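J.: The structure under discussion is supplied below as structure tokens; questions concerning it will follow.
The values are calculated or read from the model by the stated rules, or taken from the named source; none is laboratory data. Not measured: the values here are computed from a predicted model. Glycine also receives a Cβ, built like all others from the backbone with ideal geometry; neighbour counts cover every protein chain displayed.
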Amino acid sequence: MSAKKYDRELGIRTVGLREWSGQTHYNRYEATPYEALDTLFRSYNVRRHKRVVDFGCGRGRVAFYIHRRFQVPVVGIEANDKTYDEALSNKASYRVKARHISAPIRLKYGLAEHYEIRPHDTCFYFFNPFSSEVFKKVLANIMASVEETPRTIDLVLYYPLAEYKKEVKRYPFRKINKIRVPGAEDRYEKFIIYRLSA
């Protein structure tokens, strides 16, 4: 199924790219391909999680996909004001189609490193939304929250770059799965899932 058809099914519009103007620690908007999400969630079930956090959620594709498929609470964090407005518009039309799903879905505007990690945040999704310096700060925030409220958490990295993996290795995470996207020519086109057990 094409991305546009998938979008129509969810009642959203997420196709396309958006570059940041000027120098920034935040990377361009580019949604995770639906085919990649289908592959990931054939072998990874997020129903065990209290809430999924999508850092750099863009127009909300991953958040809405997870919400509809697993009916779990999801929060998306987005720092680009125009992209955030588009995500809010998508949420309004998605909610019309997903009225039957009681789990909350929230979108928050702001920098990822300023997001306050909550005790019920247990799964964190990243598609290289920002520089490794920002990732380092976000990871430190996650770890501080886990120290305060011990719990098992997962990190899901799509298209994992070496700098991100290096930061994860600073903590006692273990790699629980590596999922390649079928037919991908790019060696980075895969998911790595890390778990930190309570």
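J.: Take the residues of region 55-114 that are of a type in the set (D, E, K, R) and without any contact (Cβ under 8 Å) to a residue 24 or more places away in the chain: which is nearest to LEU139 (Cα to Cα)? Spell out how you get there, then give the answer.
T.: Pass one, region 55-114, residues of a type in the set (D, E, K, R): 59, 61, 68-69, 78, 81-82, 85-86, 91, 95, 97, 99, 106, 108, 113.
Then keep just the ones that are without any contact (Cβ under 8 Å) to a residue 24 or more places away in the chain; that gives 85, 95, 99.
Numbers: ASP85: 26, ARG95: 31, ARG99: 33 Å.
Once the filter is applied, the top-ranked residue is ASP85.
J.: Any idea how many residues of region 148-171 are closer than 19 Å to HIS49 by Cβ and of a type outside the set (Phe, Trp, Tyr)? So that I can check it myself, show each step before the final result.
T.: As a first pass, look at region 148-171 and keep what is closer than 19 Å to HIS49 by Cβ: 148-158, 168, 171.
Cutting the leftovers down to of a type outside the set (Phe, Trp, Tyr) gives us 148-157, 168.
Residues flagged as closer than 19 Å to HIS49 by Cβ and of a type outside the set (Phe, Trp, Tyr) within region 148-171 amount to 11.
J.: Ok, one more. If LYS190 passes every condition in (1) in contact with a Phe, Trp or Tyr (Cβ under 6 Å, 6 or more places away or on another chain); (2) more than 14 Å from VAL53 (Cα to Cα) but one, which one does it miss?
T.: LYS190 satisfies all of (1) in contact with a Phe, Trp or Tyr (Cβ under 6 Å, 6 or more places away or on another chain); (2) more than 14 Å from VAL53 (Cα to Cα) except (1).
J.: Still on this structure, I have one more. When region 104-126 is examined, which residues are found to be surrounded by fewer than 15 Cβ atoms within 10 Å (Cβ to Cβ) and more than 12 Å from GLY56 (Cα to Cα)?
T.: Those that are surrounded by fewer than 15 Cβ atoms within 10 Å (Cβ to Cβ) and more than 12 Å from GLY56 (Cα to Cα): PRO104, ARG106, HIS114, GLU116, ARG118, PRO119, HIS120.
J.: Now for a separate question. What strands (runs of 3 or more DSSP E), lying completely within region 131-197, carry at least 2 residues that are out of contact with any helix residue (DSSP H, G or I) (no Cβ under 8 Å at 6 or more places or on another chain) and surrounded by 17 or more Cβ atoms within 10 Å (Cβ to Cβ)? Step through it out loud before you land on a result.
T.: Details: elements: 153-158, 174-180, 190-196.
Once the strands (runs of 3 or more DSSP E) in region 131-197 are filtered for at least 2 residues that are out of contact with any helix residue (DSSP H, G or I) (no Cβ under 8 Å at 6 or more places or on another chain) and surrounded by 17 or more Cβ atoms within 10 Å (Cβ to Cβ), what remains is 190-196.
J.: A further question on this structure: Report whether or not VAL181 is in contact with an Asp or Glu (Cβ under 7 Å, 6 or more places away or on another chain) and either in contact (Cβ under 8 Å) with a residue 40 or more places away in the chain or at positive phi (or both). Show your work before the answer.
T.: On the way: in contact with an Asp or Glu (Cβ under 7 Å, 6 or more places away or on another chain): yes; either in contact (Cβ under 8 Å) with a residue 40 or more places away in the chain or at positive phi (or both): yes.
Criteria met by VAL181.
J.: Would you call VAL96 in a helix (DSSP H, G or I) and either over 14 Å from the mean Cα position of the chain (by Cα) or hydrophobic (A, V, I, L, M, F, W, C) (or both)? Show your work before the answer.
T.: Numbers: in a helix (DSSP H, G or I): yes; either over 14 Å from the mean Cα position of the chain (by Cα) or hydrophobic (A, V, I, L, M, F, W, C) (or both): yes.
Here the answer is yes, as VAL96 does meet what is asked.
J.: Pick from region 154-178 the residues that are under 16 Å from the mean Cα position of the chain (by Cα) and touching a residue at least 60 places away in the same chain (Cβ under 8 Å): which of them is nearest to ALA36 (Cα to Cα)?
T.: Restricting to residues being under 16 Å from the mean Cα position of the chain (by Cα) and touching a residue at least 60 places away in the same chain (Cβ under 8 Å), the top hit is TYR158.
J.: Given the conditions (1) modelled with pLDDT of 95 or more; (2) among the charged types (D, E, K, R); (3) surrounded by fewer than 15 Cβ atoms within 10 Å (Cβ to Cβ), which single one is not true for ASP81?
T.: Checking ASP81 against (1) modelled with pLDDT of 95 or more; (2) among the charged types (D, E, K, R); (3) surrounded by fewer than 15 Cβ atoms within 10 Å (Cβ to Cβ), the one that fails is (1).
J.: With the checklist (1) touching a strand residue (DSSP E or B) at 6+ places or on another chain (Cβ under 9 Å); (2) closer than 19 Å to VAL181 by Cβ; (3) of a type outside the set (Lys, Arg) in hand, flag the one item LEU111 doesn't pass.
T.: (2)
J.: Scanning for something touching an Asp or Glu at 6+ places or on another chain (Cβ under 9 Å), among the aromatic types (Phe, Trp, Tyr), touching a residue at least 12 places away in the same chain (Cβ under 8 Å) and more than 22 Å from PHE70 (Cβ to Cβ), does region 121-129 turn up at least one residue?
T.: Taking every residue of region 121-129 in turn, none turns out to be touching an Asp or Glu at 6+ places or on another chain (Cβ under 9 Å), among the aromatic types (Phe, Trp, Tyr), touching a residue at least 12 places away in the same chain (Cβ under 8 Å) and more than 22 Å from PHE70 (Cβ to Cβ).
J.: Which condition number does ARG59 fail, the rest of (1) under 26 Å from ARG151 (Cα atoms); (2) part of a loop (DSSP other than H, G, I, E, B); (3) of a type outside the set (Ser, Thr, Tyr) being met?
T.: All conditions pass for ARG59, except number (1).
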